[in-house]
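The structure appears below as structure tokens.
The values are calculated or read from the model by the stated rules, or taken from the named source; none is laboratory data. Computed from a prediction, not measured in an experiment: that's the story for all the values here. With ideal geometry, Cβ positions are generated from the backbone for all residues, glycine too; neighbour counts draw on all protein chains shown. Each accessible area value is taken on the protein alone, full model and side chains, heavy atoms only, with ligands, DNA and RNA left out. Shrake-Rupley method; radii C 1.70, N 1.55, O 1.52, S 1.80 Å.
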Amino acid sequence: MGQLHARVYSQMDSVRLVGVHDADPDVAAATCEKFGGEVFQKIEDLAERVAAVTIAVPTQFHAFVAEPLLRRGIACLIEKPLAKDIDEARQIVEWSKQHKAVVQVGHIERFNPAIRSMSRLGIAPRFIEVVRISPLTFRSIDVGVVLDVMIHDIDIVLQLAQSKVVQIDAVGVGVIGAAEDVCNARLRFENGCVANLTASRLALKVERKLRVFSPEAYVSIDYQKKYGMVARKTENLTAIRDTVAKIRAGEIDDLSQIDFTELVNVEELQIDDIEPLRAELDSFIDAVQGKSEPIVTAEDGLAAVEVAQRIVAAAGGQTLA
């Protein structure tokens, strides 16, 4: 992920890529050879030269790497999840506040064109269904599938529901190690919304889909294809009710004649072709320059970690307050 960030930074007119620090000097050297900048042997040396950084190290080291940077007031984009547990996530939030350092969390699905398009609809969901499954990538295997994969959808669901989680039921299965590799969680919110999330990193196919049901509309999004559609109640209710009335009146006696898909007016979401990582880093730099607030704040990252830990605990038969 660090190399991907370096590539995008090198393409941004408002940014100068100063350099890279990596635990493996050869990786740092190869990245700088491709995208520019210099290799820094120590984080402290890098900190003296920069105003903003991306932290794309294994999750267990996020707080360790972030601390010396945040204490200097350096803006940090920290890859998801914000930290390996609630305590370290809270510590990062506190450092950010104490030293007035901008923190944005790398929940990149917020910048998926389909999600950005849906956010403009103002949907108030009553039920949310998310599936995110894929083969094992061997990346981020220092954490379970909830913090590695489901964390994306936890963040999106929290933003959609805009309410406190009051109940979590979950089941998880660990196959290749102690941590869960497959998990299903059902979240109930204070406002009555319910979300069902499924994540697996042991599937034989890739599927990343989100479905949102509300009194006003139904929205379906395919993250992978960056495609979305919406069916609005106001534009479909009359046609469906008219058909029901004809059935009851005996005007339609062969139900096989009815094609439900033809009755429903479906609109494709208007989606741009901006690379999600570029949109994410553009927003981060805007926040660094004081043009806007971070789109995914440290507090958002903390909220996702808190729910993730509650899911892991529930899957293990425990309860966290």
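Examine segment 154-168 for a residue that is of a type outside the set (S, T, Y), more than 13 Å from the chain's Cα centre (by Cα) and in a loop (DSSP other than H, G, I, E, B), and state whether such a residue exists. There is at least one residue in segment 154-168 that is of a type outside the set (S, T, Y), more than 13 Å from the chain's Cα centre (by Cα) and in a loop (DSSP other than H, G, I, E, B).
Confirm whether A56 is over 21 Å from the mean Cα position of the chain (by Cα), buried (at least 16 other Cβ atoms within 10 Å of the Cβ) and closer than 26 Å to G290 by Cβ. No; evaluated as a whole, the condition is false for this residue.
Rundown of residues vs (1) farther than 29 Å from A313 by Cα; (2) at pLDDT below 95, yes/no style:
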residue: S14; (1), (2): yes, yes
residue: I43; (1), (2): yes, yes
residue: A52; (1), (2): yes, no
residue: E79; (1), (2): no, no
residue: K100; (1), (2): yes, no
residue: G106; (1), (2): no, no
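When segment 8-43 is limited to residues that are in a helix (DSSP H, G or I) and of a type in the set (D, E), the one that is nearest to A279 (Cα to Cα) turns out to be E33. Within segment 180-224, the set of residues being part of a loop (DSSP other than H, G, I, E, B) and open to solvent by 40 Å² or more (accessible area, probe 1.4 Å) comprises E190, N191, L202, L204, K205, V206, P215, E216, Q224. A count restricted to segment 190-218 and to residues that are farther than 30 Å from N265 by Cα and more than 19 Å from the chain's Cα centre (by Cα) stands at 5.
Note on segment 253-308: among residues that are assigned to a loop (DSSP other than H, G, I, E, B) and in contact with a strand residue (DSSP E or B) (Cβ under 8 Å, 6 or more places away or on another chain), the one that is least open to solvent (accessible area, probe 1.4 Å) is V296. Of all residues in segment 225-252, those satisfying the criterion of being open to solvent by less than 50 Å² (accessible area, probe 1.4 Å) and either touching a residue at least 60 places away in the same chain (Cβ under 8 Å) or among the β-branched types (V, I, T) (or both) are G228, V230, T243, I252.
Take the conditions open to solvent by 20 Å² or more (accessible area, probe 1.4 Å) and of a type in the set (G, A, S) and apply them to G144. Does it pass? Step through it out loud before you land on a result.
Details: open to solvent by 20 Å² or more (accessible area, probe 1.4 Å): no; of a type in the set (G, A, S): yes.
Criteria not met by G144.
Residues of segment 74-126 that are out of contact with any helix residue (DSSP H, G or I) (no Cβ under 9 Å at 6 or more places or on another chain), open to solvent by 50 Å² or more (accessible area, probe 1.4 Å) and touching a residue at least 40 places away in the same chain (Cβ under 8 Å): L121, R126. Looking at segment 127-141, can you tell me whether even one residue there is over 15 Å from V296 (Cβ atoms), at pLDDT below 95 and either small (G, A, S) or buried (at least 23 other Cβ atoms within 10 Å of the Cβ) (or both)? For segment 127-141, residues over 15 Å from V296 (Cβ atoms), at pLDDT below 95 and either small (G, A, S) or buried (at least 23 other Cβ atoms within 10 Å of the Cβ) (or both): present. List pairs: first residue in segment 272-289 and in contact (Cβ under 8 Å) with a residue 40 or more places away in the chain, second residue among the charged types (D, E, K, R) and surrounded by 16 or more Cβ atoms within 10 Å (Cβ to Cβ) anywhere in the structure, Cβ distance under 8 angstrom, at least six positions apart or on different chains. That search, which allows pairs on different chains as well, returns D272/R116; P276/E109; A279/R116; E280/R110. Within segment 5-51, the set of residues being surrounded by fewer than 16 Cβ atoms within 10 Å (Cβ to Cβ), under 22 Å from A63 (Cα atoms) and of a type in the set (A, V, I, L, M, F, W, C) comprises A23, V27, A51.
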